[in-house]
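Visitor: The structure under discussion is supplied below as structure tokens; questions concerning it will follow.
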Amino acid sequence: MSNLLIKPQSGNKTYHSLTSEQAGWTYLNFEAKVLDENEQLSANTGDYEYCIVLLSGNFKVEAAGQTWETRNGRRDVFSGIGHAMYLSRNTDFILTAQTNRTDIAICKVATDEDHPPRMKRPEEAAIEYRGGDNANRQINSLLEPGFDCHKIVCVEVYTPSGNWSSFPAHKHDERKVSEDGTLLEANLEEIYFYKIDKPQGYAIQQVYTEDRSLDEIVRVKNNEAVLVPKGYHPVVAGHGYHVYYLNFLAGSDQSLANTSDPDHDWIYRTWAGSDPRLPIVTADMNGC
């Protein structure tokens, strides 16, 4: 099995718990867990900033003398857009599940900065359609570049059945700056966390470097994750299966600046149309 493929811990309510040390990198720590109704997660963020994404259900967060409630959650990731709760370091918080089987994903990144807590709501998420033809997909920005935090970037991506995504392939493993100071590429670690709209569905992801010192193709199923420590990393959704992945990124800059694989740049000029199946989700669908 690929060292980049992380399978869920079957039978555990915390079905992913990955530290940066276990991943072999510096920044990203990742958890995914399911909470029963009224079950609470109580903790202090310590030296980390947090991004908590609602995958299904509803929750309430109490922190820094404030209370946030999702109210219009979603039955699953294919039934609306996610809420994202940002918490700064050294923050006591209580998260209370307000529905049974509330499913959440958590990113933690070490920081030496303070930023205000905020809940980013579905109706605030910018929706973007990238690519074209059968490389068309939907991106919802949760903690977008420019969000008031230190390092975390978070987006959720919907790839229709049979389509390519993160394509043409791109990378963000080397910090590059132009002569005028413009950031051309950030050095980022990235997690792809997958949900598939049918239990037997799957996606295929490649992770490769130009010199092919890293060159892996991974078959990914529901609730599995893929680590992208470096290199290009395109995805294709299995025919018949809509694919969702949640991206957490962190590294040198709070940015998505990247470099595409020059072998495939010609494809950008070929797209003639868009996929009529998009959008797969909107904020109007939310309500759980």
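The values are calculated or read from the model by the stated rules, or taken from the named source; none is laboratory data. If you're wondering where the values come from, they're calculated on a predicted model, not measured in any experiment. Note: ideal-geometry Cβ built from the backbone for every residue, glycine included; neighbour counts use all protein chains shown. Heads up: the accessible areas ignore ligands, DNA and RNA and are worked out on the full protein's heavy atoms, side chains in. Shrake-Rupley method; radii C 1.70, N 1.55, O 1.52, S 1.80 Å.
Visitor: Bin by bin, in steps of 10 Å, what percent of the Cα pairs in segment 85-225 do you find, going until the bin that has the longest distance?
Guide: Per 10 Å bin, starting at 0, the Cα pair percentages come out as 9, 30, 38, 20, 3, 0.
Visitor: Over 25 Å apart: what share of the alpha carbon pairs of the chain falls there, rounded to a whole percent?
Guide: 45
Visitor: Shifting gears a bit: Taking the Cα centre of the chain as the origin, how large is its charge dipole in debye, to the nearest 20, when only Lys and Arg (+1) and Asp and Glu (-1) carry charge on their Cβ atoms?
Guide: 1020
Visitor: If you don't mind, there's one more thing I want to ask. What dipole magnitude, in Debye to the nearest 20, does segment 85-207 give about its Cα centre under +1 on Lys/Arg Cβ and -1 on Asp/Glu Cβ?
Guide: Dipole size: approximately 520 debye.
Visitor: Rounded to the nearest 0.05, what FRET efficiency do E216 and K13 have when you use their Cβ-Cβ distance and R0 = 35 Å?
Guide: With R0 = 35 Å, the Cβ-Cβ based efficiency is 0.70.
Visitor: 7 Å from Cα along Cα→Cβ at both I94 and N44: what's the point-to-point distance in nm?
Guide: It is 1.7 nm.
Visitor: For a quick size check, give me the Cα extents of segment 89-153 along its three principal axes, largest first, whole Å.
Guide: In descending order, the Cα extents are 47, 35, 20 Å.
Visitor: Follow-up. Taking the C-alpha atoms of segment 1-137, how large are the radius of gyration and the largest Cα-Cα span, Dmax, in Å?
Guide: Expressed in Å, the Cα Rg and Dmax of segment 1-137 come to 15.9, 48.
Visitor: Quick check: at a probe of 1.4 Å, how many percent of the accessible area of the chain sits on carbon and sulfur atoms?
Guide: Within the chain, the accessible surface is 45 percent carbon and sulfur.
Visitor: Need the full-extension length gain, D76 to L5, defined as separation in residues times 0.36 nm minus the C-alpha distance. One decimal, nm.
Guide: Answer, rounded to one decimal: 23.3 nm.
Visitor: Net charge near A126: determine it from the other residues with C-beta under 11 Å of the C-beta of A126, scoring Lys and Arg +1 and Asp and Glu -1.
Guide: Surrounding charge for A126 is -3.
Visitor: Then there is this: Relative contact order, percent, of the chain when contacts are C-alpha pairs under 8 Å separated by at least 6 residues?
Guide: Normalised by residue count, the contact order of the chain is 21 percent.
Visitor: Another one. Any of K151/K198; K33/K120; K13/K151 with alpha carbons more than 25 Å apart? Name them for me.
Guide: The answer is K151/K198; K13/K151.
Visitor: Roughly how many Å² is the accessible area per residue of segment 6-102, as a whole number, for a 1.4 Å probe?
Guide: Heavy-atom SASA per residue in segment 6-102 reads 43 Å².
Visitor: Here's a follow-up. Between D114 and T182, what is the FRET efficiency for a Förster distance of 22 Å, r being their Cβ-Cβ separation, to the nearest 0.05?
Guide: E between D114 and T182, to the nearest 0.05, is 0.20.
Visitor: With springs only between Cα atoms under 10 Å apart, run a GNM on the chain and tell me which of D253, D180, D263 wobbles the most.
Guide: D180
Visitor: Let me ask something additional. Which one of Y202, T91, N3 has its Cα pushed farthest toward the positive end of the charge dipole of the chain, where Lys and Arg give +1 and Asp and Glu give -1 at the Cβ?
Guide: With unit charges placed on the Cβ atoms, the residue in question is Y202.
Visitor: Could you tell me which of N223, L184, L28 has its Cα farthest along the dipole of segment 8-275 towards the positive end, charges placed at Cβ (Lys, Arg +1; Asp, Glu -1), taken about the Cα centre?
Guide: Highest projection toward the positive end goes to N223.
Visitor: Choose one of A43, N72, Y268: the residue whose Cα lies farthest towards the positive end of the charge dipole of segment 8-275 (beta-carbon charges +1 Lys, Arg; -1 Asp, Glu; about the Cα centre).
Guide: Of the candidates, N72 comes out farthest on the positive side.
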